[in-house]
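**Q** Take this structure, written in structure tokens, and hold onto it; I'll ask about it next.
The values are calculated or read from the model by the stated rules, or taken from the named source; none is laboratory data. The structure presented is a predicted model; accordingly, all values stated were derived computationally and were not measured. So basically every Cβ, Gly included, is an ideal-geometry build from the backbone, and we count neighbours across all protein chains shown. Note: areas computed on protein heavy atoms with side chains; ligands, DNA, RNA excluded. Shrake-Rupley method; radii C 1.70, N 1.55, O 1.52, S 1.80 Å.
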Amino acid sequence: MDGARSRLLGLAILALVLAGLPLTFTNSFWYDVAIHSGISAIVCVGLNLLIGYAGQISLGHAAFFGIGAYASAILTGSWRWPAELALLAGLALSGGLALLVARPILALRGHYLAMATLGLGIIVSILLNQEIRLTGGPDGMPVPGLVLFGFPVRGPLVWYALVAVSLFIVTLLALHLVDSPIGRALRAVHGSELAARACGVDSTRLKVLVFVLSAMIASYAGSLFAHFSGWLTPAEAEFMRSIEFVTMVVLGGMASTFGAIVGAVVLTALPQFLTVFHDYEHVVLGLALVLGMIFLPRGVVPELARRLGWRAL
Amino acid sequence: MSLLEVQHLAKSFGGVRALDGVSFSLDAGRVHALIGPNGAGKTTLFNLITGMLAPTSGRIFFRGQEVTGLPPEALAALGIARTFQNLQVFLDMTVRENVLVGCHLRLERRLHACLLRTPSLRRAEREARERADRLLRELGLDRYAEARADSLPYGALKRLEIARALAAEPVLLLLDEPAAGCNERETAEIGELLRSVARGGPTVLLVEHDMRLVMNLAEHILVLDHGRLLAEGPPERIRRDPQVIEAYLGRHGQVTDGVAQG
């Protein structure tokens with residue numbers, strides 16, 4: 001099966017699942033879990049482009065999520081901006097910051113981006129905790145409801161639809177990118193950086209591009225999250241959240257867009273249903289990663305696809 | 001005007017002078033060969049011309065423009081393509097995708113076009129695919145088009161490297177031992193292939209140990225020894241040059257059509 005056909009099939013299945021899922025929901029708790037899973041999945045689809053294709057790890061994606069969330073919260077709440085404009089401002093801020101960090105870092109070989117994003121994540125987290133007048137500090141701040149183009153997004157079903165459509169579009173864009181000259185060039189860099197550069201592939205530029213893109217996707221998800229929750233605390237931008245995102249991508253399967261979605265859904269939904277484990281959430285997370293690495297080293301989706309003889313997307 | 005001009009090029013690794021003040025120029029439209037014993041500095045010279053290494057001193061001009069110290073991707077954009085002595089194929093990609101990466105600079109690769117799969121991108125992709133398939137046919141690789149590169153036999157991988165380099169439609173094509181490790185039949189095939197490649201387009205600079213291949217193909221030969229240019233000229237003259245004979249074979253011998261006959 002060639003790239004275009006397996007992409008269409010994958011997207012069709014995703015659309016069916018997203019559309020059919022609410023039929024199985026018996027109360028608003030399910031919607032809540034699904035919306036949170038979807039928001040994490042959006043972040044992970046973007047992050048997977050960076051980890052799975054550009055071969056770089058970000059340990060600070062929660063910071064971009066937080067920037068988007070707080071940009072929406074502060075600009076719509078305190079400054080009375082329209083939500084669309086606040087969301088765009090978050091995207092610009094996250095993208096600009098990502099560009100600023102990545103340009104000098106990605107010109108170097110090795111995993112310096114992981115260290116740089118670790119530092120960035122901690123700085124953002126500290127700022128959000130300390131700038132009490134702006135963010136409310138550790139106690140958090142309220143976020144106005146979302147009004148998109150004059151239409152108030154209210155109620156679980158409407159929120160679910162918005163997140164589902166967002167996830168679908170982000171997935172579509174990611175699949176397009178992977179199967180484009182940029183995606184091919186990134187895979188080539190992974191295979192032989194020297195040969196790729198000899199073919200004219202500017203590997204540094206492509207890595208920067210993907211990092212900025214993934215940061216903006218995280219920021220978008222953060223904006224959705226802020227409006228959906230109605231109350232925002234700096235915990236959402238903490239280091240552990242960044243680690244959770246990376247864990248989701250790795251568990252689901254690096255270099256697999258649908259794997260990123262599966263990883264995000266499993267690791268967001270699991271703790272909700274295993275409330276007994278609430279105090280041990282991070283232990284369960286760590287355990288899932290360790291077991292995953294032992295039994296499904298390529299991640300859930302690529303491993304299943306391989307066993308079924310399918311092409312993993 | 002010469003296509004490539006190299007002036008007093010030198011490269012040291014620590015205390016070792018791999019290349020020691022080499023100057024030459026290559027005329028456009030011809031097949032040039034670079035020969036010399038192992039360790040003479042041939043691959044180092046290739047790596048300097050393609051920007052994989054920066055020279056310790058000296059300058060490089062391509063089409064009259066100084067290109068010393070430019071990164072590989074910039075030189076590729078100017079029209080220099082190469083193959084590698086130790087294969088550098090993208091093993092986990094398909095054979096067609098390998099060739100498509102070779103077309104990279106000619107493809108639509110703006111971010112928005114890639115994300116949205118715009119009509120201009122689809123058109124460019126379709127054309128690139130046709131060009132890639134045509135190249136694969138010419139190099140006898142068409143039956144492998146959908147196969148992952150790591151499933152190919154060695155000789156086919158060598159040809160795949162050439163196909164990928166040709167996909168860029170280069171002005172200057174550098175081939176680093178295209179026949180290394182190939183048996184006699186495969187070497188003959190590669191010779192045929194290179195002859196048709198050279199007829200069609202790019203200026204070729206070839207590094208090769210197989211003297212029969214070199215003498216048959218090259219119109220101009222550069223001989224490198226211990227990082228210095230020992231001799232250059234047409235094959236007939238190189239074949240009889242006493243210095244070349246000595247460097248290759250000791251005092252008693254002649255560079256014949258065979259690989260090494262002492």
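**Q** Under 19 Å from A:LEU173 (Cα atoms) and either modelled with pLDDT of 95 or more or touching a Cys at 6+ places or on another chain (Cβ under 8 Å) (or both): does that describe A:LEU18?
**A** Values: under 19 Å from A:LEU173 (Cα atoms): yes; either modelled with pLDDT of 95 or more or touching a Cys at 6+ places or on another chain (Cβ under 8 Å) (or both): yes.
Here the answer is yes, as A:LEU18 does meet what is asked.
**Q** Follow-up. Looking at region B:169-185 only, could you name the residues that are modelled with pLDDT of 95 or more and open to solvent by 30 Å² or more (accessible area, probe 1.4 Å)?
**A** B:VAL171
**Q** Which pairs do you get when a residue that is facing chain B (nearest Cβ under 7 Å), found in region A:188-200, comes within reach of a residue that is charged (D, E, K, R) and open to solvent by 40 Å² or more (accessible area, probe 1.4 Å), reach meaning Cβ atoms under 8 angstrom, with the pair 6+ apart or on two chains?
**A** Final answer for the pair search is A:GLY191/B:ASP92.
**Q** Here's something else I'd like to know. Does region A:137-150 include one or more residues that are of a type in the set (Phe, Trp, Tyr), away from chain B (no Cβ under 14 Å), open to solvent by 40 Å² or more (accessible area, probe 1.4 Å) and more than 30 Å from B:PHE46 (Cα to Cα)? Spell out how you get there, then give the answer.
**A** Initial filter on region A:137-150 (of a type in the set (Phe, Trp, Tyr)): A:149.
Subsequent filtering for residues that are away from chain B (no Cβ under 14 Å) retains A:149.
Among the residues that remain, those that are also open to solvent by 40 Å² or more (accessible area, probe 1.4 Å) are: A:149.
Narrowing the set further to residues that are more than 30 Å from B:PHE46 (Cα to Cα) leaves A:149.
Yes, there is a match, as at least one residue in region A:137-150 is of a type in the set (Phe, Trp, Tyr), away from chain B (no Cβ under 14 Å), open to solvent by 40 Å² or more (accessible area, probe 1.4 Å) and more than 30 Å from B:PHE46 (Cα to Cα).
**Q** Restricting to region A:166-181, count the residues that are farther than 14 Å from A:LEU213 by Cα and open to solvent by less than 20 Å² (accessible area, probe 1.4 Å).
**A** The qualifying residues number 4.
**Q** Just give me the residues in region B:81-132 being within 22 Å of the chain's Cα centre (by Cα), of a type in the set (D, E, K, R) and closer than 22 Å to A:LEU194 by Cβ, in sequence order.
**A** B:ARG82, B:ARG96, B:GLU97, B:ARG106
**Q** Select the helices (runs of 4 or more DSSP H) contained entirely in region A:63-177, then report the ones holding at least 3 residues which are in contact with a His (Cβ under 6 Å, 6 or more places away or on another chain). Full working, then the answer.
**A** On the way: elements: A:83-106, A:112-130, A:132-135.
Result: empty, no element qualifies.
**Q** Note down all Cβ pairs under 7 Å where the first residue falls in region B:183-203 and is assigned by TED's automatic domain parsing to the domain that holds B:LEU3 and among the aromatic types (Phe, Trp, Tyr), the second is at pLDDT 90 or above and open to solvent by less than 50 Å² (accessible area, probe 1.4 Å), and they're at least six residues apart or on different chains.
**A** none
**Q** Something else now. Any idea which residue in region B:46-80 is farthest from the other protein chains (Cβ to nearest Cβ), counting only those that are small (Gly, Ala, Ser) and part of a strand (DSSP E or B)?
**A** Initially, region B:46-80 is screened for residues small (Gly, Ala, Ser), giving B:51, B:54, B:57-58, B:64, B:69, B:74, B:76-77, B:79.
Adding the requirement that they be part of a strand (DSSP E or B) leaves B:57-58.
On the way: B:SER57: 23, B:GLY58: 21 Å.
Selected residue: B:SER57.
**Q** Continuing with the same structure: Tell me, which residue of region B:213-243 that is over 17 Å from B:THR43 (Cα atoms) and in a strand (DSSP E or B) is most open to solvent (accessible area, probe 1.4 Å)? Working first, answer last.
**A** Of all residues in region B:213-243, those over 17 Å from B:THR43 (Cα atoms) come to B:213, B:215-220, B:231-243.
Now drop any that are not in a strand (DSSP E or B), which leaves B:220, B:231-233.
Numbers: B:HIS220: 22, B:ALA231: 13, B:GLU232: 70, B:GLY233: 6 Å².
Going through the qualifying residues, I end up with B:GLU232.
**Q** Hey, another quick one. Go through region A:182-212 and give me each residue that's polar (S, T, N, Q) and open to solvent by 20 Å² or more (accessible area, probe 1.4 Å). Steps first, answer last, please.
**A** Step one: filter region A:182-212 for residues polar (S, T, N, Q), giving A:192, A:203-204.
The one that is polar (S, T, N, Q) and open to solvent by 20 Å² or more (accessible area, probe 1.4 Å): A:THR204.
Condition check ((1) open to solvent by less than 40 Å² (accessible area, probe 1.4 Å); (2) farther than 23 Å from B:GLU192 by Cβ; (3) within 14 Å of chain A (Cβ to nearest Cβ); (4) of a type in the set (Phe, Trp, Tyr)) across all residues:
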site: B:PRO119; (1), (2), (3), (4): no, yes, yes, no
site: B:ARG126; (1), (2), (3), (4): no, yes, yes, no
site: B:LEU135; (1), (2), (3), (4): yes, no, yes, no
site: B:GLU138; (1), (2), (3), (4): no, no, no, no
site: B:ASP142; (1), (2), (3), (4): no, no, no, no
site: B:ASP150; (1), (2), (3), (4): no, yes, yes, no
site: B:GLY155; (1), (2), (3), (4): yes, no, no, no
site: B:LYS158; (1), (2), (3), (4): yes, no, yes, no
site: B:GLU161; (1), (2), (3), (4): yes, no, yes, no
